[in-house]
1. So for the range B:156-163 (the condition being away from chain A (no Cβ under 12 Å), open to solvent by 10 Å² or more (accessible area, probe 1.4 Å) and among the basic types (K, R)), does at least one residue qualify?
2. Testing A:D179 on (1) within 14 Å of chain B (Cβ to nearest Cβ); (2) modelled with pLDDT of 95 or more, one condition comes back false. Which one is that?
3. Go through (1) open to solvent by 10 Å² or more (accessible area, probe 1.4 Å); (2) within 14 Å of another protein chain (Cβ to nearest Cβ); (3) out of contact with any helix residue (DSSP H, G or I) (no Cβ under 7 Å at 6 or more places or on another chain); (4) not in a loop (DSSP other than H, G, I, E, B) one by one and return the number of the condition B:A71 breaks.
4. Can we say B:S2 is among the hydroxyl-bearing types (S, T, Y) and free of Cβ contacts under 8 Å to residues at least 24 places away in the same chain?
5. Listed residues B:S259, B:S171, B:S187; which is at pLDDT below 95, more than 20 Å from B:P57 (Cα to Cα) and open to solvent by 20 Å² or more (accessible area, probe 1.4 Å)?
6. Looking only at the range B:109-130, how many residues end up being farther than 13 Å from B:T141 by Cα, more than 18 Å from the chain's Cα centre (by Cα) and among the charged types (D, E, K, R)?
7. Might you let me know whether the range B:88-96 holds any residue that is assigned to a helix (DSSP H, G or I) and within 30 Å of B:Q10 (Cβ to Cβ)?
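The values are calculated or read from the model by the stated rules, or taken from the named source; none is laboratory data. Everything numeric in this text was worked out from a predicted model, so none of it was measured. Quick reminder, even Gly has a Cβ in these numbers, built from the backbone with ideal geometry, and neighbours come from all protein chains shown. Heavy atoms of the whole protein, side chains included, go into the accessibility calculation; ligands, DNA and RNA do not. Shrake-Rupley method; radii C 1.70, N 1.55, O 1.52, S 1.80 Å.
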Amino acid sequence: MPTTNQTDYFGQPDARGHFGRYGGMFVSETLMGPLRELREAYEKYILDESFLAELDADLQDYVGRPSPLYFARRLSERRGGARIYLKREDLNHTGAHKVNNTIGQALLARRMGKTRIIAETGAGQHGVATATVAARLGLECVVYMGAVDIARQEANVYRMRMLGAKVVAVESGSKTLKDALNEAMRDWVTNIDNTFYIIGTVAGPHPYPAMVRDFQAVIGREAREQILRQTGKLPDALVACVGGGSNAIGLFYPFLNDASVAMYGVEAAGKGLETGCHAAPLCAGTPGVLHGNRTYLMQDKDGQIIETHSISAGLDYPGVGPEHAWLKDSGRANYVAVTDQEALDAFHELTRREGIIPALESSHALAYATGLAASMKPDQIVLVNLSGRGDKDMHTVAALDGMKV
Amino acid sequence: MSRIKQRFEQLQAQHKTALIPFVTAGDPNPEVTVPLMHAMVDSGASMIELGVPFSDPMADGPVIQRANERALKQHISLRDVIGMVRRFREQDSATPVILMGYLNPIEALGYQRFAELAGEAGVDGVITVDIPPEEAEDYLTALRTHRIDAIFLLAPTSDEQRIKQICDAASGFVYYVSVKGTTGSASLAIGEVAGKLFHIRKATRLPIGVGFGIKDPESAQAVAQVADAVIVGSVLVNRIEALTEQPEAIAPELSNSISQMRTAMDLI
């Protein structure tokens, strides 16, 4: 007999984009019409066979899906404890999970007749993934990027420009990802007639958190099937890093109703949660409203958004997707934080023991996962989302070793 | 009767349109704001719109973004802005004051606490850029309890159903955003504005203010012919920015701009 009081995790969000008390649509009136138009197009095409066939074909032949699920034997043996499996999103075209979403949204933009794509980017990974699909579809592309981030991510800026995108330096506020998002919103409100805004994470106003999750859920769907095929059982724990939270929700979502699977979202503790220099709104922030949704934020007592710190630019964001806020409060997922130093150690450990150079973002997940696995039994399984590769981080890591590359 | 309603009725009896200047509270420093509010009233402002500084002003163009940054450098909080209104009320009990800002500072203070403090200080209306009526139930309850008008924005992209929904939730007046874009971004097209106001008037008997894109006495005059209130922001804030180093010159300069607009509007 079915229980009636069990949460249906697949039933979220509600019609107006709420995950419990989080999410929603907190935007200026000018955007309410365009957001409704987007929601209607999305709801139509996500059930449309020709759209889904086009998306699947691109994910297979252009992105290279399915991405492998890899048993990291030497990493697992070193610590003892549970077996660690890696979902290899680092092997995707453009080097991270971001492209799963940009392909989906760009195809949607084309169906909606939009000719101009805009995006925000922090480290540049979402910007590169957007510029890439815009080049392929022949769409005009403008990427907003904080002036501070442009200075520390030169290679990705060059990459976007080579792909034909215009990269606009954002000089307002803290000149980082959150300000780039503000500026992209301003562009959108000014050019809504021909422009599609591709948000890179599961934040923003409804329908973005649900739409980006649905495009990223391919990660969890594949991983669930692969782990069952390889081991005959479900994993005991999932681990993924959380900035805005798109790779984590992509992995978690298809497992939400599997009660035996524990979930850990790993935030950036930066120099340590106690120092205040971090990017961990779920672990150390409070609920508020930013960028169109209600969620946990890094803010001061007056409700001003405060600056974040992380060694990985991709986690350097003061908010987090509203579904994570809801999963935290409901207790379904656990949120923890890992320092810059712990992430760096994990970065080197995976590189040396498995010959895989992970992104600094994903290294946060690895750092937590290896500790967690060590406390578990050898017949148990920890599945980690290796959300991106570390090529983009060479200069950051080299600089810590006193070298310039 | 609320001060806003009273002021609109007075103006209507005189066949005048309201002129509502916007400045960011605490820009460029907290001492400037209250005397500036009085000076603007003396030179013809019908009501005052006071911007509450926020770290992430998504609906604002570069001019007002920088005003927010200048005010935040002085650590101006929502409580400080309410304090400025309280001081303004010591000498002016008639001119309506409207706060305009973003939701998060109000969330941080709490809707009820905010409405209580603002109401006590003499705030008459609140415009919160990023709260549409469908998210505003608790917010509206708090404002109504303390007799503060909830002023909502309407946009060129608002269809008839939304116009009705918003007008039903609004009180005081409704604020028509005349351009697709951020504050200060473009010049408005008066023909389009007039056409949209015609539709809005079918949905409500509330006065209609028009803002975004009014840059000079000519555009103020043009808008005054179709609207009940003309709202002017970026062009004033731009002058404040130019006078950051001579704050004593700000009030005379803005008074001059406002009286020119007032004169042009009164010619119709």
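1. no
2. (2)
3. (1)
4. For B:S2, the condition - among the hydroxyl-bearing types (S, T, Y) and free of Cβ contacts under 8 Å to residues at least 24 places away in the same chain - is not met.
5. When all the criteria are applied, what remains is B:S187.
6. Adding up the residues that qualify gives 1.
7. Yes - at least one qualifying residue is present in the range B:88-96.
This table checks each residue for (1) of a type in the set (A, V, I, L, M, F, W, C); (2) touching a strand residue (DSSP E or B) at 6+ places or on another chain (Cβ under 6 Å); (3) touching a residue at least 60 places away in the same chain (Cβ under 8 Å).
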residue: B:E137; (1), (2), (3): no, no, no
residue: B:I151; (1), (2), (3): yes, yes, no
residue: B:Q165; (1), (2), (3): no, no, no
residue: B:F173; (1), (2), (3): yes, yes, yes
residue: B:G211; (1), (2), (3): no, yes, yes
residue: B:A222; (1), (2), (3): yes, no, no
